[in-house]
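The values are calculated or read from the model by the stated rules, or taken from the named source; none is laboratory data. For clarity, every value in this text was computed on a predicted model and none was experimentally measured. Positions of Cβ are generated from backbone atoms using ideal geometry, with glycine treated the same way; all protein chains shown enter the neighbour counts.
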Amino acid sequence: MKYLLSKIIISLVLIFTAITLSKAQDPTFAQFYQFRTYLNPAATGSEKGLNVAMIYKNQWNYVPGGFNTYGMSVDVQSARISSGVGITAYRDVEAKTLQTNYISASYAYIARISKKINLHIGVNGAFVNKSLDRSRLIFTDQLDPEVGVVPGGSSTNIVLRKVNMFDLDAGILLRFRYDIHKHPVHNSLGFAVHHLTRPDESFENISTRIPMRFTVTYGAMFPVSRGKYKRNIDFYVSPVFKFDFMEKLRVYNAGMFATFKPVYAGVMYQLNKFSDNSTHGLIFVGGIDWDLGQDNFMTLNVGYSYQLDFTGVTSKSRGQHEVTMRMNFNNVAIFSPKKKKGKKVDCYDFPGKNAVKLF
């Protein structure tokens, strides 16, 4: 009985923590560079062609039902109107108790500052639905140290079971290039503001406005020559950084990737700071990037990451798993440019076919 009670209490703590943090933290992804339109609306249409991304995240399996997030995005670039449009959707289910459904439409304008500099400016409008299954909740006034869960209701007052809201995000993305020994170095620097409308997500008819979340990202791909006279670069190293700031919550991600077509791998360190508490861990990432079809009609990228937390719920969490798949159809476009008059919006395509485009 003591073991059962302790397991119930641990599960309750994890559920309570997740539901509490859900009021202060959006779903986050280790492979954020794959789910770009969710990361920053300015990334909509940042790569030429039609891009389809899918992501699945699983964490905290110690809790019955675990915590699962499923996401998908589609965006396409139009060189004629120097723009990108996209749709993003995800479903987040926490212990089969709290469910969030999200769907949004995004638009980005791509300004060509110079031959080697693009500035992307984007907005994203979203509809969000949150639902709570109260029947699956066990509150502290229903626990007894001798018998465990006491049958009957709780005095906790939850008025609503569903909450609908509109949300708005905006962002900018600076993509620029410089050369090292005649080989291009690609850089991506982004800033996004989420929850500009600060929607109310309370289930208790008490105004609970979501605080704005600020995100700063940077990624680069540095070519590494394999010889003095080697012209085709196959190997790249990529530093990556992401910082999220949301009221009392701060999340830092910093790491390094190595890419050697068609494979890539990397490791990132993550630090979470909430008020006076902090947790940290390592994220291990790997994947394969294939060019398929005649004239590289499609690029398929499949990635996996595992997050190992050293503090917080640690071993009880059983880590965090994430699987991604990204498809780029290079020759698909809307409002294709006319011959000899079309604009080449994106000036950051790597020469040849030996680069894995992470950013």
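Checked against (1) among the small types (Gly, Ala, Ser); (2) in a strand (DSSP E or B); (3) modelled with pLDDT under 95; (4) surrounded by fewer than 19 Cβ atoms within 10 Å (Cβ to Cβ), Gly286 passes all but a single condition, namely (3).
Test Gln320 against the stated conditions and say whether it is modelled with pLDDT of 70 or more and within 30 Å of Gly66 (Cβ to Cβ). Spelling it out, Gln320 is indeed modelled with pLDDT of 70 or more and within 30 Å of Gly66 (Cβ to Cβ). Taking the residues in segment 69-94 that are touching a Lys or Arg at 6+ places or on another chain (Cβ under 7 Å) and closer than 30 Å to Phe310 by Cβ as candidates, determine which candidate is surrounded by the most Cβ atoms within 10 Å (Cβ to Cβ). Taking the candidates together, the pick is Thr69. Looking only at residues of segment 36-62 that are among the basic types (Lys, Arg) and in contact (Cβ under 8 Å) with a residue 60 or more places away in the chain, we find that the one that is surrounded by the fewest Cβ atoms within 10 Å (Cβ to Cβ) is Lys48.
Does at least one position in segment 238-255 carry a residue that is within 23 Å of Leu39 (Cα to Cα) and either over 20 Å from the mean Cα position of the chain (by Cα) or not in a strand (DSSP E or B) (or both)?
Within segment 238-255, one or more residues are within 23 Å of Leu39 (Cα to Cα) and either over 20 Å from the mean Cα position of the chain (by Cα) or not in a strand (DSSP E or B) (or both).
Answer yes or no as to whether Lys248 is loosely packed, with under 15 Cβ neighbours inside 10 Å and in contact (Cβ under 8 Å) with a residue 40 or more places away in the chain. Yes; evaluated as a whole, the condition is true for this residue.
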